[in-house]
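Student: One structure follows; several queries about it will come next.
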Amino acid sequence: MIQRFNKSTLNSGVRILTETVDSVGTCAVGVFVFTGTKDETLAINGIAHFIEHLNFKGTDTRSAAEIADAIESRGGQLDAYTSKEITAYYAHILPRDIPVTVAVLADILQNSLYLEEDIALERSVIHEEIDENLDTPQEYAFDTFTRYCFPRHALGYPILGNHRSLNKIQRDDLQDFIRKNYTAGRIVVAAVGAVEHSVFAEWVRRAFEAYPYEAGKRKVRKLHQPEPFSERKAIAGNQAHVLLGRQSYSYHFPRRYSYQMIHALLSAGMSSRLFQNIREKTGAVYSIFSFLDMFTEGGLFGVYFATDRERVKESISRVFDEFEILRREKVSKKELEKVKMQYEGSLILNSESMVHRLERMCRYEFQFERFISISEIIAATRKIESEEIIALASELLDPDTYNSILFLPESEV
């Protein structure tokens, strides 16, 4: 694919990014805001996600139905999400519809009404979403584990909030959060695909020229290491759900590509070590995978699996056996080349999605303030040697640094 990256900045501080991909006939357009759960207090936990919902409920000139219809009636797909550090509003469209998409996204960010009746209605919707999450063992387990791993820090808060905090959030709280966090310096308006930067930038300028200037620097909050924990909690269902993990590295970690390789060796697909050596050879688990999250201040790394209550101890032991092998034994050249090729292939396959490219481009802008191409990532991973893997694994996979929560059927806790 031929690709061209461009960046410009409005006087307000709003950044405009484009990646032109000549070989496609579609475009992904989005507004990404560098705010999320991490900017909340415990009292208003869930407010970033609440605002994301409410921004589709209506503006001065468009109803909720008209917002959706403006994109979907043209064959486009409109969506949004909230994460720990980013809130995103985006659409996958045809190039002819870029102007109307920019106009709609600008409208919902600048002119949403936040009517009391809409707040009440959407609060009810999110209560249902929270209950659905609580009824999904894996989701509940991860939310609980994350809270334990990030004590006294908003990275440990659930994105949806909880029933109590959601009920406390009022219209004034919503507007105050927007004023403090939806600032021009934290906003990127971007497009990937069949797009020309100069034309796109002019549409964005017209739509966002009235956005007030505000640098909007985000506060960096120190992480506290949790006291070592090994917990048992009740959960509905028949299986035990086990999480083993620890605080780890931020996205500024200089050895982040070696970090990704360890994650891939353990958990990238059916040929990975955890899948082959624990699921395939013992039959003890159905789901097993490692997880890796990187944020501004730090990150989270660990392993999740679900198994029969009687096989929990055995499976934990086998996970730590795999850790010890990576810490002590050099990865063969053949296996390392295989996992590098697998990682490169997934990058290239994902790049076929314009939405994926849009998300990646905006995430790198927030994290590193520059564009990082796939070829740059591939070049960096190809330089990794087995010695780097074993050096990092000896630190990252030290079992003495791992915490655990066992979620067991209610009758067994």
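The values are calculated or read from the model by the stated rules, or taken from the named source; none is laboratory data. Predicted model, so just to flag it, every value in this text is computed and none were measured. Every residue, glycine among them, receives a Cβ derived from its backbone with ideal geometry; neighbour counts consider all protein chains shown.
Student: Under the condition of being outside any helix (DSSP H, G or I) and in contact (Cβ under 8 Å) with a residue 60 or more places away in the chain, which residue from region 324-349 is nearest to residue 273 (Cα to Cα)? Working first, answer last.
Tutor: Within region 324-349, the first condition is being outside any helix (DSSP H, G or I), and the residues that meet it are 329-332.
This time we only want the ones that are in contact (Cβ under 8 Å) with a residue 60 or more places away in the chain, so: 329-331.
On the way: 329: 14, 330: 14, 331: 12 Å.
So the residue we want is 331.
So that you can scan it fast, the table gives a plain yes or no per residue for (1) without any contact (Cβ under 8 Å) to a residue 60 or more places away in the chain; (2) under 24 Å from residue 114 (Cβ atoms); (3) of a type outside the set (S, T, N, Q); (4) not assigned by TED's automatic domain parsing to the domain that holds residue 402:
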{"residue": "128", "(1), (2), (3), (4)": "yes, yes, yes, yes"}
{"residue": "132", "(1), (2), (3), (4)": "yes, no, yes, yes"}
{"residue": "141", "(1), (2), (3), (4)": "no, no, yes, yes"}
{"residue": "146", "(1), (2), (3), (4)": "no, no, no, yes"}
{"residue": "153", "(1), (2), (3), (4)": "no, no, yes, yes"}
{"residue": "159", "(1), (2), (3), (4)": "no, yes, yes, yes"}
{"residue": "168", "(1), (2), (3), (4)": "no, yes, yes, yes"}
{"residue": "176", "(1), (2), (3), (4)": "yes, yes, yes, yes"}
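Student: Among (1) part of a loop (DSSP other than H, G, I, E, B); (2) among the charged types (D, E, K, R); (3) surrounded by 15 or more Cβ atoms within 10 Å (Cβ to Cβ), where does residue 352 come up short?
Tutor: (3)
Student: Quick check: anything in region 342-353 more than 30 Å from residue 7 (Cα to Cα) and not β-branched (Val, Ile, Thr)?
Tutor: Of the residues in region 342-353, the ones more than 30 Å from residue 7 (Cα to Cα) are 342.
Still in the running and not β-branched (Val, Ile, Thr): 342.
There is at least one residue in region 342-353 that is more than 30 Å from residue 7 (Cα to Cα) and not β-branched (Val, Ile, Thr).
Student: Let me ask another. Let me confirm something: among 35, 101, 18, which residue is within 26 Å of the chain's Cα centre (by Cα), of a type in the set (Val, Ile, Thr), part of a helix (DSSP H, G or I) and crowded, with 23+ Cβ neighbours inside 10 Å? If you could, list the steps in order and put the result at the bottom.
Tutor: Working: 35 fails: part of a helix (DSSP H, G or I); 18 fails: part of a helix (DSSP H, G or I).
Of 35, 101, 18, the one residue that is within 26 Å of the chain's Cα centre (by Cα), of a type in the set (Val, Ile, Thr), part of a helix (DSSP H, G or I) and crowded, with 23+ Cβ neighbours inside 10 Å is 101.
Student: Sticking with this structure for a sec: Considering region 201-235 alone, what residues qualify as being in a loop (DSSP other than H, G, I, E, B) and either of a type in the set (Ser, Thr, Tyr) or exposed (fewer than 12 other Cβ atoms within 10 Å of the Cβ) (or both)? Walk me through it before giving the result.
Tutor: Restricting attention to region 201-235, the residues satisfying the condition of being in a loop (DSSP other than H, G, I, E, B) are 209-229.
Matches in region 201-235: 210, 211, 212, 213, 215, 217, 219, 220, 222, 227, 228.
Student: Residue 362 passes all but one of (1) hydrophobic (A, V, I, L, M, F, W, C); (2) within 24 Å of residue 266 (Cβ to Cβ); (3) part of a helix (DSSP H, G or I); which number fails?
Tutor: It is condition (2) that residue 362 fails.
Student: If the requirement is being modelled with pLDDT of 95 or more and out of contact with any Gly (no Cβ under 6 Å at 6 or more places or on another chain), which of these qualifies: 26, 20?
Tutor: Details: 26 fails: out of contact with any Gly (no Cβ under 6 Å at 6 or more places or on another chain).
Step by step, each of 26, 20 is checked, and only 20 is modelled with pLDDT of 95 or more and out of contact with any Gly (no Cβ under 6 Å at 6 or more places or on another chain).
Student: Return only the number of the condition from (1) among the charged types (D, E, K, R); (2) part of a helix (DSSP H, G or I); (3) over 30 Å from residue 222 (Cα atoms) that residue 74 does not satisfy.
Tutor: (2)
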